[in-house]
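The values are calculated or read from the model by the stated rules, or taken from the named source; none is laboratory data. Owing to the predicted nature of the structure, the values given are computational and were not obtained by experimental measurement. With ideal geometry, Cβ positions are generated from the backbone for all residues, glycine too; neighbour counts draw on all protein chains shown.
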Amino acid sequence: MPMHVIIVKRYYEMRKDLTSGSIYKNLIMFSLPILMGYFFQNLYNSVDSAIVGQYVGKAALGAVTSSATISNVIVGFFTGLATGVTVILSRYFGAKDYEMLHKAIHTSILFSIVSGAVMALIGQFISPLLLKAVDCPADVYEQAIIYLRLYLIGCIFTSIYNVSSSVLRSVGDSRSPFIYLVISSVVNIVLDVVLVANFKMGVAGVGIATIVSQVVSCVCVYLKLSRTNDVHKLVIKDLSIDFKILKSLINIGLPAGLQTCLISLSNVFIQRYVNMFGSDAIAGVGAAQKVDNFASMPGQSLGLAITTFVSQNLGADKPERVKEGIKVSIVLVLVSLIPIVVFGMVFASSLVGIFNRDPDVVKYGSDMVRALLPLYFILGLNSVYSGVVRGYGHSRAVMILSLIAMVVLRQIYLAIGMQLVHSIYVVYYGYPVAWLLATVAIYIFYKVVVLKANKK
């Protein structure tokens, strides 16, 4: 066993361990950097759209929207894979099995490099087919293909960053990924202004800015992992695949990745329905999605936090603390959503207007924001219980139940609903309908299967 794995400072364990101390304090302090990280990630994605919408036009905004819907399919895979990494590594860390933790870290990072490179390469060839699949309008296609191909080049850096950040979060360090997202956000925003507003590079400038910012965040997290002397130290020569660990990572991470990927794919087909209403609707919905992304942040951050919390405490054999942590997470996510929902409902038109001031675009966007925001409490609960069940190791069940609700049933709802009432509101409400069905199914699975299997 490497010497740096053996030498573990007591201060480090006390600072990172979620298995003792106040649950409220642990979850708040752990999830807050994740929340702020989501904020800055959404901020620089929103700045992309805002600068394009204001300096290039609504056609370019529509191009970014169509491309982003597709790129989320691939990026979503790596987000899910990172969830599997968090579960496995947190379990080893909670059990203080540092030798297995070391092997798992290096297996995860090497796999992220290989899978990211493959995805980036494949993305260049299938981009036209993906845009055709969403019936991308002719007036935005040329700009959409440029942005999509550039965005997908960054897949390798997105993959490495997501998995490496999960390594840090699994040992209780959610602060460092937040700092790196802030740095990359600043880089992205500055380059957006320089390349798009000053050099008039259009969507190509936005794509290049995104790639550079992803590289910066990737370099930051690499330096953090390689220079630390703690148990999660990255040693390049130790990069190798432990196939037993990889199997465990795939068993948990692949279902989560496929879930996110297929739900994003379902959103691609939802984009077809949006496209029926023209470029104003595409741009308006794209702007609304940027606004709505901020409303989902509390649930997402607490979902990640509770996954790590559950995994560490199960590793430490503290099931009662797990149950209490779930209750705390629900309270925190519901309370945190209240000001976001109120603010968004009041200022919906102004928020959408940041991206494009065309009256028709603002109308579509603000209508969607006001339709969805009051129902984000459902999505918050879904994030928490999905995180809990994944923390218990039942990632496959979350995937299956979520896919049934958010892909199959939502597509059935849209197919029937659009035949009965040809209104874009049918598309809007497809989201919360799917959230509700998935939340109920996952909660029932937790109560009936998970608790029963873990009952002592």
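Results, tabulated for the structure shown:
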quantity	calculated
Any hit, segment 231-246, residues being part of a helix (DSSP H, G or I) and either among the polar types (S, T, N, Q) or crowded, with 22+ Cβ neighbours inside 10 Å (or both)	no
Subset of segment 97-153 [among the charged types (D, E, K, R) and under 30 Å from Val87 (Cβ atoms)]	Asp97, Glu99, Lys103
Any hit, segment 308-317, residues being touching a residue at least 40 places away in the same chain (Cβ under 8 Å), surrounded by fewer than 21 Cβ atoms within 10 Å (Cβ to Cβ) and closer than 27 Å to Ile252 by Cβ	yes
Among the candidates Gln124, Gln143, residue that is buried (at least 22 other Cβ atoms within 10 Å of the Cβ), in contact with a helix residue (DSSP H, G or I) (Cβ under 9 Å, 6 or more places away or on another chain) and in a helix (DSSP H, G or I)	Gln143
Residues being at pLDDT 90 or above, touching a Lys or Arg at 6+ places or on another chain (Cβ under 9 Å) and closer than 22 Å to Leu304 by Cβ - total across segment 380-433	0
Positions within segment 347-376 being under 20 Å from Asp280 (Cα atoms), of a type in the set (Phe, Trp, Tyr) and outside any loop (DSSP other than H, G, I, E, B), in sequence order	Tyr364
Selection within segment 377-421 - outside any helix (DSSP H, G or I) and touching a residue at least 24 places away in the same chain (Cβ under 8 Å)	Tyr392, Gly393, His394
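Listed here are the residues, each with its yes/no results for (1) buried (at least 19 other Cβ atoms within 10 Å of the Cβ); (2) of a type outside the set (Asp, Glu); (3) at pLDDT 90 or above.
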residue	(1), (2), (3)
Leu181	yes, yes, no
Val193	no, yes, no
Val203	yes, yes, no
Tyr222	no, yes, yes
